[in-house]
Amino acid sequence: QVQLVESGGGLVQPGGSLRLSCVASETIFNYNAMGWYRQAPGKQRELVAVVTNRGSTNYADSVKGRFTISRDNAKNTVYLQMNSLKPEDTAVYFCYAPRVTRTYWGQGTQVTVSS
C-alpha cells in the first residue's frame, strides 16, 4: 500500500511563497499522474494542480500563473510551488495519486495565508 507524506505547509503573509512536497513510499515512475487537491473550511475539496508522467500540467483557474507543480521521479516526490499567495488559498492541501484500483491520498498539510 502506497503512502504519501506531505510537508511544507505553514503560516505565510499575503504575497508570500511556500513549497509543498509529497513523498511517496514507492517509485512513482509508472504513475500516470499525481497532483494536489485542497479543502478550505466549509468547502468541498477542489483540484489544484496535476502533473503527468510526461510532464504535462493542468491547473485550477484560481491558481494559474501563481502555482507550479512538478515531479522528480528519482526522488519519488511531487512539488507544489505556491507564489503570490492570497488569503483565499488558505486550506488543507492533499497530495493524491490515482491508480488503476484506487486513489491514494496523503494526510494533508495546512496552509494559512494571513497578515
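The values are calculated or read from the model by the stated rules, or taken from the named source; none is laboratory data. Computed from a predicted structure; not experimentally measured. Ideal geometry is used to build each Cβ from the backbone, glycine not excepted, and the neighbour counts take in all protein chains shown. Side chains included, ligands, DNA and RNA excluded: accessible areas come from the protein's heavy atoms. Shrake-Rupley method; radii C 1.70, N 1.55, O 1.52, S 1.80 Å.
Normalising by residue count, region 45-95 has a Cα convex hull of 83 Å³ per residue. Each of S17 and T112 was given a label point 7 Å from its Cα along the Cα-to-Cβ line. The distance between the two points is 2.4 nm. When each of the peptides 54-63, 30-39 is scored by the mean number of other C-beta atoms lying within 10 Å of its residues, the order from highest to lowest reads 30-39, 54-63. Between V5 and R102, the simple spin-label model (points 7 angstrom out along Cα→Cβ) gives 2.0 nm. Where in region 91-114 does the amide nitrogen come within less than 12 Å of the point 7 Å from the Cα of T27, taken along Cα to Cβ? Inside the label zone: nothing. The phi torsions of region 38-47, fed into the Karplus equation with coefficients 6.51, -1.76 and 1.60 and a -60° offset, translate into couplings of 9, 9, 8, x, x, 10, 6, 5, 10, 6 Hz, rounded to whole numbers, with Gly and Pro shown as x. Taken over the C-alpha atoms, the chain has Rg and Dmax values of 13.3, 43 angstrom. For the chain, carbon and sulfur atoms together expose 46% of the accessible surface, with a 1.4 angstrom probe and every protein chain in place. In terms of Cα to Cα distance under 18 Å, which aspartates and glutamates are near enough to K64, apart from those fewer than 8 places away along the same chain? Of all the aspartates and glutamates, those that pass the test against K64 - Cα under 18 Å, at least 8 places apart if same chain - are E46, E88, D89.
The local environment of G15, defined by Cβ-Cβ distances under 12 Å, has a net charge of +1 under the rule Lys, Arg +1 and Asp, Glu -1.
Solvent exposure of the chain amounts to 54 Å² per residue of accessible area, where only protein heavy atoms count and the probe is 1.4 Å.
Principal axis extents of the Cα atoms in region 67-107, from largest to smallest and rounded to whole angstrom, are 36, 22, 14.
Electrostatic bookkeeping for Y79 treats Lys and Arg as +1 and Asp and Glu as -1; over the other residues with beta carbon under 10 Å from its beta carbon, the sum is +2.
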